[in-house]
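Chemist: Have a look at this one before I ask anything.
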Amino acid sequence: MYNYAMTRQAVFLSSPELWERGHGPDHPLKPERLQRTHELLEEYGAFTTPNVRLVAPRPATDEELALFHKEEYIDAVHRLSEGDPTVPARRYGFGPGDNPVFAGMYDSERLKAGAALQAAELLVNEECDVAFSYSGGLHHAGPDFASGFCIFGDIAVAIHWLLRQGLRVAYVDIDVHHGDGVQNAFYDTDQVLTISLHQDPRSLFPGTGYVHEIGAGRGQGYSVNVPLPPYTGEDSYLWAFRQVVPPLLERFAADVVVTQLGVDTHVRDPLASLALTTAGHEALFQALAELGPSWLALGGGGYDISVVPRSWTLAFGVMAGQTFPEDLPPGYQARYGGRTLRDDEIIRLERLPPSWLHAQVEKVVAVVKEQLKL
Ligand SMILES: [Zn+2]
């Protein structure tokens, strides 16, 4: 396993342009998630150490988006973004609710895809060991439709680009929702290993990610799903992760490890029902850091605004080998409230006994290992 204790050259891809536009005031994917994460890292001085670079992202071109998306869809997003009423929005997954059309969405979303590509380029050019494009991780988008808050699939675009460089890619998705868009994009290839740990699809969007979804054709055995019962806490989660992810990554021998770091597994997340804490997230980020020397980290879900900036700050701390004071910086506290970097209160979900839940997790992991002959 990779020794992450050495200092990594780390890049954080961010600029205020990323939070200038959003899906609307009542939408859960608030741009403030990005702004506050950037501010928290900045106020902790994370961007001032010699091994860290803050890089402003560039937008993806239509040609780059077409690595994954259909040209017709890219054009439709562009025209919807400019208010063209003749575009059949619903045909492309847009409408009130999860995926509203908003002014400027083409520029806003292609910037996130560009950030992922830029992160991939910096890694391939050996300008860094880890790059964190925290505005991305949009794992539900399809080739010709928006889904689950995701318009352009930055992950699938970046992985396609990495494949064109002749690289083998392992993808690990820890968002509470199944990474369906990425799994579907690479379901029949053995050049990309996709692994998703998520809440049981019987109880959560998008309703896929069962253990029996293992890939097709040459890709059989290269799609891996670990669905976890609602209320699973970090001890069982981390146990399942360690049983499945490191041995698979060892066997696959990827050139680049791509991770989707959704933090909607947190116990306070309003959209889902797993029960991790920020300390659990940190342990998970450390486990991910050990998977390989070249790490393309992307953001993802996370809808409790007090949690997301703290968890992603812990993530970047792991990537860059930084530790931050436990007290949140005074300015940040004054603006947004909160006191400590890790959770200062432990919320317990006593709805199901942990031993019963762990037994369910053991059953899932046993099936996964049996299928993959692990
Ligand atoms: Zn999610």
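The values are calculated or read from the model by the stated rules, or taken from the named source; none is laboratory data. None of these values were measured; they are calculated from a predicted model. Note that each Cβ is placed from the backbone with ideal geometry, even for glycine, and that neighbours are counted across all protein chains shown.
Chemist: Just checking, which of Asp154, Asp144 is within 16 Å of the ligand (Cβ to nearest atom) and touching a residue at least 12 places away in the same chain (Cβ under 8 Å)? Spell out the reasoning first.
Modeler: Details: Asp144 fails: within 16 Å of the ligand (Cβ to nearest atom).
So the residue among Asp154, Asp144 that is within 16 Å of the ligand (Cβ to nearest atom) and touching a residue at least 12 places away in the same chain (Cβ under 8 Å) is Asp154.
Chemist: For residues that are within 19 Å of the chain's Cα centre (by Cα) and among the aromatic types (Phe, Trp, Tyr), tally how many sit in the stretch 47-63.
Modeler: Summing the residues that are within 19 Å of the chain's Cα centre (by Cα) and among the aromatic types (Phe, Trp, Tyr) in the stretch 47-63 gives 0.
Chemist: Same structure, new question: What are the residues in the stretch 164-200 that are touching a residue at least 60 places away in the same chain (Cβ under 8 Å), within 16 Å of the ligand (Cβ to nearest atom) and in a loop (DSSP other than H, G, I, E, B), if any?
Modeler: Ile174, Asp175, Val176, His177, Gly179 - these are the residues of the stretch 164-200 that are touching a residue at least 60 places away in the same chain (Cβ under 8 Å), within 16 Å of the ligand (Cβ to nearest atom) and in a loop (DSSP other than H, G, I, E, B).
Chemist: Name the one entry in Val101, Val87 that is in a loop (DSSP other than H, G, I, E, B), surrounded by 14 or more Cβ atoms within 10 Å (Cβ to Cβ) and in contact with a Ser or Thr (Cβ under 8 Å, 6 or more places away or on another chain). It would help to see each step written out before you state the result.
Modeler: Values: Val87 fails: in contact with a Ser or Thr (Cβ under 8 Å, 6 or more places away or on another chain).
Every option except Val101 fails the conditions.
Chemist: Tell me which residues, restricted to the stretch 331-346, are of a type in the set (S, T, N, Q) and under 25 Å from the mean Cα position of the chain (by Cα).
Modeler: Of everything in the stretch 331-346, just one residue is of a type in the set (S, T, N, Q) and under 25 Å from the mean Cα position of the chain (by Cα), namely Thr340.
Chemist: Something else: Only one of Leu41, Leu80, Leu123, Leu54 is of a type outside the set (Ser, Thr, Tyr) and within 20 Å of Val258 (Cβ to Cβ); which?
Modeler: Answer to the check: Leu123.
Chemist: I'd like to check something: does the stretch 130-137 contain any residue that is of a type in the set (Ser, Thr, Tyr), surrounded by 24 or more Cβ atoms within 10 Å (Cβ to Cβ) and away from the ligand (no atom under 16 Å from the Cβ)? Steps first, answer last, please.
Modeler: First pass over the stretch 130-137, keeping only residues of a type in the set (Ser, Thr, Tyr): 133-135.
If we keep only those that are surrounded by 24 or more Cβ atoms within 10 Å (Cβ to Cβ) too, we end up with 133-135.
Retained after the next criterion (residues that are away from the ligand (no atom under 16 Å from the Cβ)): 133.
Taking every residue of the stretch 130-137 in turn, at least one turns out to be of a type in the set (Ser, Thr, Tyr), surrounded by 24 or more Cβ atoms within 10 Å (Cβ to Cβ) and away from the ligand (no atom under 16 Å from the Cβ).
Chemist: Limited to the stretch 283-307, what total is found for residues that are touching a residue at least 60 places away in the same chain (Cβ under 8 Å) and either surrounded by fewer than 19 Cβ atoms within 10 Å (Cβ to Cβ) or more than 26 Å from Ala158 (Cα to Cα) (or both)?
Modeler: Going through the stretch 283-307, the residues touching a residue at least 60 places away in the same chain (Cβ under 8 Å) turn out to be 284, 286, 288-303, 305.
The next check asks that each one be either surrounded by fewer than 19 Cβ atoms within 10 Å (Cβ to Cβ) or more than 26 Å from Ala158 (Cα to Cα) (or both); those that pass are 286, 290, 293, 305.
Count: 4.
Chemist: For residues in the stretch 28-60 being under 19 Å from Leu341 (Cα atoms) and of a type in the set (A, V, I, L, M, F, W, C), which is surrounded by the fewest Cβ atoms within 10 Å (Cβ to Cβ)?
Modeler: Among those residues, the one meeting the criterion is Phe47.
Chemist: When you scan the stretch 37-45, do you find a residue that is assigned to a loop (DSSP other than H, G, I, E, B), over 20 Å from the mean Cα position of the chain (by Cα) and either polar (S, T, N, Q) or at pLDDT 95 or above (or both), even just one?
Modeler: Yes: one or more hits.
Chemist: Quick check, is Thr259 farther than 28 Å from Asp190 by Cα and surrounded by 23 or more Cβ atoms within 10 Å (Cβ to Cβ)?
Modeler: Numbers: farther than 28 Å from Asp190 by Cα: no; surrounded by 23 or more Cβ atoms within 10 Å (Cβ to Cβ): yes.
Answer is no for this residue.
Chemist: Something else now. Name the helices (runs of 4 or more DSSP H) wholly inside the stretch 222-327 in which the number of residues that are within 14 Å of the ligand (Cβ to nearest atom) and farther than 24 Å from Pro353 by Cβ is 1 or more.
Modeler: 308-320
Chemist: Mind telling me which of the residues Leu352, Leu328 ends up being surrounded by 10 or more Cβ atoms within 10 Å (Cβ to Cβ), touching a residue at least 60 places away in the same chain (Cβ under 8 Å) and over 25 Å from the mean Cα position of the chain (by Cα)? Give the steps one after another, and end with the answer.
Modeler: Details: Leu328 fails: over 25 Å from the mean Cα position of the chain (by Cα).
Result: Leu352 is the single residue among Leu352, Leu328 that is surrounded by 10 or more Cβ atoms within 10 Å (Cβ to Cβ), touching a residue at least 60 places away in the same chain (Cβ under 8 Å) and over 25 Å from the mean Cα position of the chain (by Cα).
Yes/no matrix, rows are residues, columns are (1) acidic (Asp, Glu); (2) surrounded by fewer than 24 Cβ atoms within 10 Å (Cβ to Cβ):
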site: His178; (1), (2): no, no
site: Gln191; (1), (2): no, yes
site: Ser196; (1), (2): no, no
site: Thr208; (1), (2): no, yes
site: His212; (1), (2): no, yes
site: Arg218; (1), (2): no, yes
site: Glu234; (1), (2): yes, yes
